[in-house]
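Encoded as structure tokens, the structure appears first; notes follow it.
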Amino acid sequence: MTAKSWAWFVMTLLAFGVALYAMNVALVPDARSPVVTSLIERMPAVAFSHFIGGAVAIAVGALQFSTRIRTRIVTVHRWLGRTYVLAILISGSAGLYLAINSSGGAAARWGFGLLAGAWLAATFTAYRNIRHGRVAAHRQWMIRSYAITLAALTLRFYLPAAQMLELPMGTAYQTIAWLCWVPNLIVAEWFIRSGKREARVGQAASQLANG
């Protein structure tokens, strides 16, 4: 197995772990923290839409990076893509509503609000590009979209880390509202630009070889 395959396998494993956790929190009352319980009691439809839609998006999105599915099972790839877009439309819209009504402070409201907005915008741009046959641009925007989707994963690392370090949760939460997704996008952009450079180098080498 190549390094790229291992990276995809680990990412997919973690993504499915987060998806199962989110579904468990949504469907099993005893698995909820007091904060989540309060949220569901106040805004059940919005909370369930965000949790379940996000769980579907992070699981389905991971599968979309499988070369085998993309190239050999194209019909499945297309239907998974439609499912991914719909899940983000539902979860992202709910997330935006939750962010606006958040009691975690202005920094948290802006952080999570922009996260939801960027999530919806990147996904819509990816969808629009594939509808117009722009495959390369579609793939680049899907990388950005899924990098934001993975905020659900990075959030699960930062929150326990803040608790372990005994940081003031109010301040930590407002920082994590940005930290859970902005670095993800930076890494995604680096990955996209690195791929472009490699493609240009390969094209130049091919032209030189062909005289």
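The values are calculated or read from the model by the stated rules, or taken from the named source; none is laboratory data. Values in this document were obtained by computation on a predicted structure and should not be read as measured data. Every residue, glycine as well, gets a Cβ built from its backbone with ideal geometry; the counts of neighbours run over all protein chains shown.
Taking the conditions exactly as written (within 15 Å of the chain's Cα centre (by Cα), among the β-branched types (Val, Ile, Thr) and either surrounded by fewer than 19 Cβ atoms within 10 Å (Cβ to Cβ) or part of a helix (DSSP H, G or I) (or both)), does Val36 satisfy them or not? Taking the combined requirement at face value, the residue does not satisfy it. Please work out if Ser93 is hydroxyl-bearing (Ser, Thr, Tyr), within 17 Å of Thr149 (Cα to Cα) and part of a helix (DSSP H, G or I). When the stated conditions are applied, Ser93 passes them.
List pairs: first residue in the stretch 101-121 and without any contact (Cβ under 8 Å) to a residue 60 or more places away in the chain and at negative phi, second residue crowded, with 19+ Cβ neighbours inside 10 Å and aromatic (Phe, Trp, Tyr) anywhere in the structure, Cβ distance under 8 angstrom, at least six positions apart or on different chains. Close Cβ pairs (under 8 Å, with a partner that is crowded, with 19+ Cβ neighbours inside 10 Å and aromatic (Phe, Trp, Tyr)) amount to Ser102/Phe112.
Over 23 Å from Ala177 (Cβ atoms) and assigned to a loop (DSSP other than H, G, I, E, B): is that true of Phe16 in this structure? Spelling it out, it is not the case that Phe16 is over 23 Å from Ala177 (Cβ atoms) and assigned to a loop (DSSP other than H, G, I, E, B). Only one entry in Ala62, Ala94, Ala55 is more than 13 Å from the chain's Cα centre (by Cα) and aliphatic (A, V, I, L, M), namely Ala94. Could we say that Val56 is part of a helix (DSSP H, G or I) and either in contact (Cβ under 8 Å) with a residue 24 or more places away in the chain or within 30 Å of Phe191 (Cβ to Cβ) (or both) here? Criteria met by Val56. Residues in the stretch 20-35: is at least one out of contact with any Lys or Arg (no Cβ under 6 Å at 6 or more places or on another chain), under 28 Å from Met169 (Cβ atoms), of a type outside the set (Phe, Trp, Tyr) and touching a residue at least 60 places away in the same chain (Cβ under 8 Å)? There is at least one residue in the stretch 20-35 that is out of contact with any Lys or Arg (no Cβ under 6 Å at 6 or more places or on another chain), under 28 Å from Met169 (Cβ atoms), of a type outside the set (Phe, Trp, Tyr) and touching a residue at least 60 places away in the same chain (Cβ under 8 Å).
Looking at Val28, Val36, just one residue is at pLDDT below 95, under 19 Å from Ile100 (Cβ atoms) and not basic (Lys, Arg), and that residue is Val36. Ser102 meets the conditions (1) part of a helix (DSSP H, G or I); (2) under 19 Å from Ser49 (Cβ atoms) in every case but one. The failed one is (1). Taking the criterion of being in a loop (DSSP other than H, G, I, E, B) and either within 13 Å of Ala126 (Cβ to Cβ) or in contact with a Leu (Cβ under 7 Å, 6 or more places away or on another chain) (or both), no residue of the stretch 66-84 qualifies.
Screening Val28 on (1) farther than 28 Å from Arg139 by Cα; (2) buried (at least 18 other Cβ atoms within 10 Å of the Cβ) shows it passes everything except condition (2). Quick check on my filter: what residues within the stretch 52-75 are modelled with pLDDT of 95 or more and either hydroxyl-bearing (Ser, Thr, Tyr) or over 22 Å from Trp6 (Cβ atoms) (or both)? Listed by number, the residues that qualify are Ile52, Gly53, Gly54, Ala55, Val56, Ala57.
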